[in-house]
Amino acid sequence: MRKRRRKNTTIHNNNTKKKHPVRNFFIVLFLLLIVGGISGGVYIRTYYPAIYQKILNKLRVKTNSTYENQRIERIIGLHYDKIFGIDLSHYQEREEILWDSLYIRHKNARYPIQFAVFRATMGNEATDKNFAHFFEEAKNHQLVRGAYHYYRPDEDPILQANSYLKNAKLEKGDLVPIIDVEQLPKTKSKEQFIADIQKWLDIVEKHYKRKPILYTYISFYEDYLYPTFKQYPLWVANYNNVSAPTSVFKWQMWQFTENGITAGAKVKIDLNIFNGNIVQLNECLLK
C-alpha cells in the first residue's frame, strides 16, 4: 500500500526510455547517506519501516528489474491455484483502472482478479478521495471488495475507529474490516501503541462482529505486533520471498509486489494472493 505517488509508472508498450540501473543504484545510495548514514538508516528502519522497506525494494527493482519480473512470474506460477487480487488508493487515478479488463497474464493462461481492497480512511478523520468511486466500481463488476484504514499511531484510536465505521460502510459479502499498521508512534510509548491498536480492533470488531484483518510488513509484524495480535488474520507485505511471505506465521493474504502489471491497469499496482480457495475466501466475508 503505497503512501506516496511514484513517478513515471505509466506503462507504455512503445518508445519507453532506456533505464540506467547502475545510475539509479548510486542515486538511492546517495540519498540514504545524506539522511544520516548508518544512524539515519537505523532511525528510518525503526520509526518508518514501510519507507525503509520501500527503499530496499526500490534498490532491488531499480538495479535489477528483470529479476523482479521473473520473481513475479514465479510467484504466479507457484500460486496459480490461489485467488489473486489488487489494492488501490488515491495514488491510482480513476481513469487508470479499466474494470472490465482486470486479469493477470502468465505464459498462455489468464488469471482473473477476484478481489479488490481500497483505502477508505486515514487517521482521525481523513478519507481517501477515490474510495467511494472504487468501492462502487468493484461492486458493479462483481469483485469481492474490501476497505482498509491506514492507522496513524500518534492519533486517537477511538476517533480513528469511528471514522472508519462512518465512512467504510461495509456490506454483506464484503471482506471483513482491515487495519493497515506500518509505523511506530513518535509521541507514545510502545506499550501505549499496542494498547491503542487493540482499542481500534475492539471497537470495529464489536460493530461488525468479526475480527479485522491486520495488514503490515513482515518485519514490522515480527518486531512489534507478534504475538500480541496473532489471533487476527494476517495480510502481510513481503516483496522478497517467492514461495510464501513467511514460513513462521499463518497468513491470510500476501501483497507480493507493488510493481504488478495487469491488463486493465495503466500503471503498476499492488498484487495480492489470498491463501485459499473460493470457499475459504467466502468465510472471510461479512454475512
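The table for this structure:
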{"item": "Lone qualifier among TYR221, TYR215, TYR232 - being on the phi < 0 side of the Ramachandran plot and part of a strand (DSSP E or B)", "result": "TYR215"}
{"item": "Residue list for the stretch 150-208, filter: farther than 26 Å from LEU285 by Cα, in a helix (DSSP H, G or I) and touching a residue at least 40 places away in the same chain (Cβ under 8 Å)", "result": "PHE193"}
{"item": "Residue count, the stretch 195-220 (criterion: under 23 Å from ILE273 (Cβ atoms) and open to solvent by less than 10 Å² (accessible area, probe 1.4 Å))", "result": "7"}
{"item": "Which numbered condition GLN92 fails, given (1) closer than 14 Å to LEU271 by Cα; (2) touching a helix residue (DSSP H, G or I) at 6+ places or on another chain (Cβ under 6 Å); (3) crowded, with 23+ Cβ neighbours inside 10 Å", "result": "(2)"}
{"item": "Tally of residues being over 24 Å from GLU171 (Cβ atoms) and either hydroxyl-bearing (Ser, Thr, Tyr) or in a loop (DSSP other than H, G, I, E, B) (or both) across the stretch 245-274", "result": "12"}
{"item": "Scan of the stretch 66-89 for residues that are modelled with pLDDT of 90 or more, part of a helix (DSSP H, G or I) and open to solvent by 20 Å² or more (accessible area, probe 1.4 Å), ordered by number", "result": "GLN70, GLU73, ARG74, GLY77, LEU78"}
{"item": "Hits in the stretch 116-149 (condition: part of a helix (DSSP H, G or I), crowded, with 23+ Cβ neighbours inside 10 Å and among the aliphatic types (A, V, I, L, M))", "result": "ALA138"}
{"item": "In the stretch 239-276, the residues that are open to solvent by 50 Å² or more (accessible area, probe 1.4 Å) and either closer than 19 Å to TYR217 by Cα or modelled with pLDDT of 95 or more (or both)", "result": "ASN240, ASN241, SER243, SER247, VAL248, LYS250, ASN275"}
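Results for (1) of a type in the set (A, V, I, L, M); (2) more than 20 Å from the chain's Cα centre (by Cα), shown as yes or no for each residue.
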site: PHE193; (1), (2): no, yes
site: LYS199; (1), (2): no, yes
site: LYS211; (1), (2): no, no
site: TYR232; (1), (2): no, no
site: PRO245; (1), (2): no, no
site: MET253; (1), (2): yes, no
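The values are calculated or read from the model by the stated rules, or taken from the named source; none is laboratory data. Please read these numbers as outputs of a predicted model, since none were measured by experiment. Positions of Cβ are generated from backbone atoms using ideal geometry, with glycine treated the same way; all protein chains shown enter the neighbour counts. With ligands, DNA and RNA removed, areas are computed over all heavy atoms of the protein, side chains included. Shrake-Rupley method; radii C 1.70, N 1.55, O 1.52, S 1.80 Å.
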